[in-house]
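Q: Dropping the structure in here first, questions after.
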Amino acid sequence: MGIEKDSNGQTNSINQVRYGCTVGALHSVVAIPGAMPITHCGPGCVDKQYTSIAFYNGFQGGGYAGGAVTPSVNATENEVVFGGEKRLEGLIKSTLKIMDADLYVVLNGCIGELVGDDVGAVVSKFQKQDIPIVFADTGGFKGNNFIGHELIVEAIIDQYVDKFAKDKETKEQGLINVWTELPYQNPMWRGDLKEIKRLLEGAGFKVNILFGQGSGGVEEWKIIPNAQFNLVLSPWLGLKTAQYLEKKYNQPYLHIPVLPIGAKEVARFIKEVVSFAGIDAAKAEAFIEKEEKEYYYYLEQFADFYSEYWWGLPATYAVVGDSTYNLAINKFLVNQLGLIPAIQIITDNAPEKYRVAIDEEYKKLAEDVSAQVEFVEDGYIVGQLLKKADYGHKPPVIFGSTWERDTARDLKGHIVEIAFPVSYEVVINRTYVGYIGALTLLEKIFTTAISKSA
């Protein structure tokens, strides 16, 4: 079956999807310890988002509130014709009786939005009873789960967190809210957030990491307004939230587009945050020195392998994935390993207004190294671009998703799965971020290369 194109040569569908729909951001709720999503959508919606985003993507599991646990209206033709507000109200009542949570988040799906169900009115009945519950209009047609994530975060801040912002001008020095990777979309998110928090705490900060095992859960969200500033650690995701918090709570924000992997980027990252916060740099410098001593100890041992096998190892690479990991891995491969970038493909449908700034980052990967970057969502086009790229005389390493396995094999190259969907990796608490993650990534890259695995 061929792919149809319009008069401009653009496809009218997406082959090999790289993300979930807006309601897939229910996983952002699941990622908050103590929070419970309640979904007002059709039958199968939650299951499809779970199996794609959380299961066949590192086999991450559903946890306390995800997977088969997540309550759903499972709207049918009856709700399409007569509306589903009463059924939603009944589901909320049942959930409150059965599922213990510190915060409930109702996500309105496509059916509820299209038929005009007033989910806000339903939820307000429970809010008036001082029940910790909020809602967000997350119909799948609004975009992907990155967009849904921002909608949910803003809903929680407006309808719940704001109640605890007693003194909006008083800030706790050294307390940071961190906005970075999209939970579950990147299967390494748990390990990555743990390492980011460790780095910042090592530098002398108190950290609201907000998602994952290292978070204080809903209690941590309550003190978001108290933070000295917000840290956005990605090319674009989280910027909208930080800008909103700046207006709402007079909270400044620091935007660092590069997720730090390896000693060079970590040191740069920590020093920039310390400078912005205006705290004493002595603790941070001591932490960096200690961490780098250990990091380079391991690299020194690794150098024996690298110097012996360099002639048979890949020299060029391509990265296919969301903008946050794509840029971070590029910086690491160029500056730490000296590999040569071929084409780089960003798949998260980054909003147009951020794309120029993202492209600029690829023009300065290193002092004399730049890379071509393409914003593509369609898997067919991704495959064509990868096959046309120039990798020199050695087979490349393709950092991508399960979708790229066949292309890597055709190129006689190697595949390292780092982007949704990751269906040939079991991920528990792995990280590719920071000092720890960089060493893990090195192990993964070169084990793949010498095993000739594609």
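The values are calculated or read from the model by the stated rules, or taken from the named source; none is laboratory data. Just so it is clear, the structure is predicted and the values come from calculations on it, not from any experiment. Don't worry about glycine lacking a Cβ; one is built from the backbone with ideal geometry, like all the others, and counts go over all protein chains shown.
Q: Identify all residues within the range 93-120 that are at pLDDT below 95 and either of a type in the set (D, E, K, R) or farther than 30 Å from Ser13 by Cα (or both); write none if there are none.
A: Residues satisfying the conditions are Glu113, Asp117, Asp118, Val119, Gly120.
Q: Looking at Ala75, is it part of a helix (DSSP H, G or I), buried (at least 20 other Cβ atoms within 10 Å of the Cβ) and small (Gly, Ala, Ser)?
A: no
Q: For the range 422-445, enumerate the residues that are in contact (Cβ under 8 Å) with a residue 12 or more places away in the chain and of a type in the set (D, E, K, R).
A: Glu425, Arg430, Lys444 - these are the residues of the range 422-445 that are in contact (Cβ under 8 Å) with a residue 12 or more places away in the chain and of a type in the set (D, E, K, R).
Q: Considering only residues that are β-branched (Val, Ile, Thr) and out of contact with any Ser or Thr (no Cβ under 7 Å at 6 or more places or on another chain), which ones fall in the range 33-61?
A: The initial filter retains those residues of the range 33-61 that are β-branched (Val, Ile, Thr), namely 38-39, 46, 51, 53.
Scanning the range 33-61 gives Thr51, Ile53.
Q: For the range 262-375, which fully contained helices (runs of 4 or more DSSP H) count at least 3 residues that are surrounded by 14 or more Cβ atoms within 10 Å (Cβ to Cβ) and either touching a strand residue (DSSP E or B) at 6+ places or on another chain (Cβ under 8 Å) or small (Gly, Ala, Ser) (or both)?
A: Output list reads 263-277, 323-335, 352-362.
Q: Which condition number in (1) outside the structural domain of Ile261 (by TED's automatic domain parsing); (2) in a helix (DSSP H, G or I) is the one that Arg198 fails?
A: Failing condition for Arg198: (1).
Q: Return the only residue of Leu96, Leu88 being in a helix (DSSP H, G or I), hydrophobic (A, V, I, L, M, F, W, C) and surrounded by fewer than 24 Cβ atoms within 10 Å (Cβ to Cβ).
A: Leu96
Q: Still on this model: Which of the residues belonging to the range 411-426 are part of a loop (DSSP other than H, G, I, E, B) and under 18 Å from the mean Cα position of the chain (by Cα)?
A: Across the range 411-426, the qualifying residues are Ile418, Ala419, Phe420, Pro421, Val422, Ser423, Glu425, Val426.
Condition check ((1) assigned to a loop (DSSP other than H, G, I, E, B); (2) among the acidic types (Asp, Glu); (3) at pLDDT 95 or above) across all residues:
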residue: Val178; (1), (2), (3): no, no, yes
residue: Glu181; (1), (2), (3): yes, yes, yes
residue: Asp192; (1), (2), (3): no, yes, yes
residue: Gly204; (1), (2), (3): yes, no, yes
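Q: Determine whether Ala68 is without any contact (Cβ under 8 Å) to a residue 40 or more places away in the chain and outside the structural domain of Asn429 (by TED's automatic domain parsing).
A: yes
Q: Can you tell me which of Glu246, Glu265 is assigned by TED's automatic domain parsing to the domain that holds Ile176 and under 13 Å from Leu327 (Cβ atoms)?
A: Checking each option against the conditions leaves just Glu265.
Q: Being basic (Lys, Arg), touching a residue at least 24 places away in the same chain (Cβ under 8 Å) and not in a helix (DSSP H, G or I) is the filter here, so list the residues in the range 123-169 that pass it. First the steps, then the outcome.
A: Our first condition is that a residue be basic (Lys, Arg); within the range 123-169, this holds for 125, 128, 142, 163, 166, 168.
Applying the additional criterion that residues be touching a residue at least 24 places away in the same chain (Cβ under 8 Å) yields 125, 142, 168.
Of everything in the range 123-169, just one residue is basic (Lys, Arg), touching a residue at least 24 places away in the same chain (Cβ under 8 Å) and not in a helix (DSSP H, G or I), namely Lys168.
Q: Then there's this: Can you run down the residue pairs with Cβ atoms below 9 Å, 6 or more apart or on separate chains, where the first is in the range 15-34 and closer than 16 Å to Arg190 by Cα and the partner is among the basic types (Lys, Arg) and in a helix (DSSP H, G or I)?
A: From the range 15-34, the pairs are Ala31/Arg190.
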